[in-house]
1. Given 0.36 nm per residue, what is the gain on full extension from SER122 to LYS174 after removing their alpha carbon distance, in nm?
2. Averaged over every viewing direction, what's the projected area of the C-alpha convex hull for the chain? Give it in nm², one decimal, please.
3. So, R0 is 30 Å and r is the distance between the beta-carbons of ALA65 and GLU109; what FRET efficiency does that work out to, to 0.05?
4. Give the separation of the Cα centroids, the stretch 107-148 to the stretch 259-319, in Å.
5. Rounded to the nearest 20 Debye, what is the dipole magnitude of the stretch 105-152 about its Cα centre when Lys and Arg each give +1 and Asp and Glu each give -1 at the C-beta?
6. For the stretch 213-222, in order, what is each residue's ³J(HN,Hα) by Karplus, 6.51 cos²θ - 1.76 cosθ + 1.60 with θ = phi - 60°, in whole Hz (x at glycine and Pro)?
7. Quantify how much of the Cα-Cα distance distribution of the stretch 127-181 extends past 18 Å, in percent.
8. Roughly how many Å is it from the Cα centre of the stretch 34-84 to that of the stretch 190-249, as a whole number?
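Coordinate-derived values only; no laboratory data. Everything quoted here is computed from the prediction, not taken from an experiment. Note that we place each Cβ from the backbone using ideal geometry, even for glycine, and neighbour counts take in every protein chain shown.
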Amino acid sequence: MAADSSAGAPSTWPELRVADWTATRETLHMWMQIVGKVRLAHAPLVNHWWQVTSYVSPRGLTTSAIPYGSGVFDIEFDFVDHRLVVRTSDGDVRTVALEPKPVADFYRETMRALRELAIPTSIHASPNEVEEAVPFAEDDRHDAYDPVAAQLFWRQLLQADRVIGEFRSYYVGKVSPVHFFWGAMDLACTRFSGRPAPPHPGGAPNCGDWVMEEGYSRELSSCGFWPGGGEEGAFYSYAYPEPDGFAGHPVAPGDAFYSKDHGQFLLPYEAVRTADDPDRALASFLHTTYEAAAVHGGWDRAALEDDPDRWAHRRPRHPRRRRQGS
């Protein structure tokens, strides 16, 4: 059982050691791949595979509306009541309990729920971007589910999503939503310069190189949160293609560093959690690492960036903490 530092009232930035919930995280990763592949099976392609992601919700992670026939459905991991909820625009609902169970059982129960809702779905029923791609129907090794850890993970995502969303608002060029990719299991937001990029070499395990080529088809700066890095997860930021001088660019806060092994800047989650001002610490990392890509990549920053409060003088003022870190 993961330690709950909240004592009944969760900390704004909760503590969750990677080592304390590894088995649950690996099981959740497979469950999330199943749900993500359902969305992939029904949603039309959007550039860089944006149609396959999930989004942080008030209760967990949701696919948002997925088209089917003349209606829609959605699937949500509810980490409050610990259930997978499948809803249709016809008003029908099915649930699958989030509890200790093998991936194979979760897969069968989720597919059955879709059939009962008259949404029969066929997916590529093996995981991507992991070294051992055990078919979902045969996976009896991943079966852990710690509800405390799952909820703390979601609360980590709530905070990361909030601050990254604020960072996103300073960009008026092409920029992704803040969304959750189930392949690598990370929350991400990506800014684009507007220029094409060289073909990505690929190399992700059990994932076609053409998948990465689509994902990295335009020059970009991407940031996000990965729950599997460091002691408590890590925030990251990288550029593709990486421009000369990127790795040596000064970034903040002091705990941030460039990892040659990963080819990106990293900031331990615990460094943010324990900072005097966690929001500002993370914002400074997001802004300065983006600058590393934009400055050394020669991006047209005057055309791509703007003040999110540029219309404040024309509308009623609502208090909002500004967290620009640069």
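1. Working: separation 52, 0.36 × 52 = 18.72 nm, distance 3.25 nm.
Residue separation times 0.36 nm, minus the Cα-Cα distance, leaves 15.5 nm.
2. If I average the Cα hull's projected area over directions, I get 17.8 nm².
3. Taking R0 as 30 Å, the efficiency between ALA65 and GLU109 is 0.85.
4. 36 Å
5. My answer is approximately 320 debye.
6. 3J(HN,Hα) across the stretch 213-222, in whole Hz: 4, 5, x, 10, 7, 10, 4, 8, 10, 10.
7. Beyond 18 Å sits 59 percent of the P(r) for the stretch 127-181.
8. 23 Å
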